[in-house]
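Take a look at the structure below.
The values are calculated or read from the model by the stated rules, or taken from the named source; none is laboratory data. Predicted, not measured: the structure shown is a model, and the values here were computed from it. Using ideal geometry, Cβ is built from the backbone for each residue, glycine included, and neighbour counts are taken over all protein chains shown.
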Amino acid sequence: MIPVGPNAGVASLRIRESQTGPERKNVRIRLISFLALGIALGCGGSADNTQGAQLSRAPAAASPDSAAASVAADSVLNPLYRSQFGMRYHLKRKSGWLITGGEFDNYIATPTLNHIMFEVVTQRTNLTSTGLRFLETPDLDTLQMGFVVEMLRWLGVEDARDASLLAKVRRSLSQNVSQIQEASPIPVGGLVIRAAHVGLDVIVHVDVPAKHLESSPP
């Protein structure tokens, strides 16, 4: 879910200085809407966020378990920060929230790309999925695809730069779905990638099977 939770960190999604006034206003309205949805869900409301990077799951009420899950997530996030991927894009957790099922949704901010939302979902000390949402993006440009490639390399996909794999991802982006789990799966390196347009946005979601959790991402 990108983003669904209190203080969703939309300040990191900068507006390009080269954009016109109407374009800036449109993106700002969408970011404010995402934040309002996150606050509503964080306060115990309910909504079907079918455009998220995952199937809709309502955040659990605030509890000591949330703090414990946040601390446990550090065992995944600290290696992420120290990785080549993390250092290149200056990745840092902006916020996080407990979601039903015992998973913890970590919203990761980067100052190097505009209009992007990045989540890392953990369960205890395990990584279970990652998701990227590029706001109001007709197609991924070179910089955006580069971020996808580096994320896959961090997840242990050795052939993340392989032309055939990237072609599959780009072909998958021709799909228009109501939620990302409806997109055709792309199995690679023990992972499952789904990429598609959801509304006005491009979403790239990666499921990390339990067997992949035996070793930490590089």
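Points to keep in mind about this one:
- Among the residues of segment 63-92, the ones that are surrounded by 12 or more Cβ atoms within 10 Å (Cβ to Cβ) and touching a residue at least 24 places away in the same chain (Cβ under 8 Å) come to 17 in all.
- Restricting segment 92-106 to residues that are polar (S, T, N, Q) and within 15 Å of the chain's Cα centre (by Cα), the residue that is farthest from S75 (Cα to Cα): S95
- Considering segment 113-135, and only residues there that are modelled with pLDDT under 95 and assigned to a loop (DSSP other than H, G, I, E, B), the residue that is surrounded by the fewest Cβ atoms within 10 Å (Cβ to Cβ) turns out to be T125.
- Flag not set for T110, criterion: of a type in the set (S, T, N, Q), touching a residue at least 60 places away in the same chain (Cβ under 8 Å) and in contact with a strand residue (DSSP E or B) (Cβ under 6 Å, 6 or more places away or on another chain).
- Condition check for T100: surrounded by 14 or more Cβ atoms within 10 Å (Cβ to Cβ) and either in contact (Cβ under 8 Å) with a residue 24 or more places away in the chain or among the β-branched types (V, I, T) (or both): no
- Subset of segment 139-153 (residues that are in contact (Cβ under 8 Å) with a residue 12 or more places away in the chain, surrounded by fewer than 20 Cβ atoms within 10 Å (Cβ to Cβ) and outside any helix (DSSP H, G or I)): D139
- Reported count of residues in segment 154-189, each being part of a strand (DSSP E or B) and more than 26 Å from Q84 (Cβ to Cβ), is 2.
- Residue list for segment 154-177, filter: among the hydroxyl-bearing types (S, T, Y) and surrounded by fewer than 17 Cβ atoms within 10 Å (Cβ to Cβ): S164, S174
- Here the condition is being in contact with a Lys or Arg (Cβ under 9 Å, 6 or more places away or on another chain) and among the β-branched types (V, I, T); of V76, V120, it holds for V120 alone.
- When E119, E158, E136 are checked against the criterion of being of a type in the set (D, E), on the phi > 0 side of the Ramachandran plot and touching a residue at least 24 places away in the same chain (Cβ under 8 Å), E136 stands alone in meeting it.
- Output for segment 95-112, where each listed residue is out of contact with any Pro (no Cβ under 9 Å at 6 or more places or on another chain), in a strand (DSSP E or B) and not small (G, A, S): E103, F104, N106, I108
- Taking the criterion of being over 14 Å from the mean Cα position of the chain (by Cα) and among the polar types (S, T, N, Q), the residues of segment 147-181 that qualify are S164, S172, S174, Q175, N176, S178.
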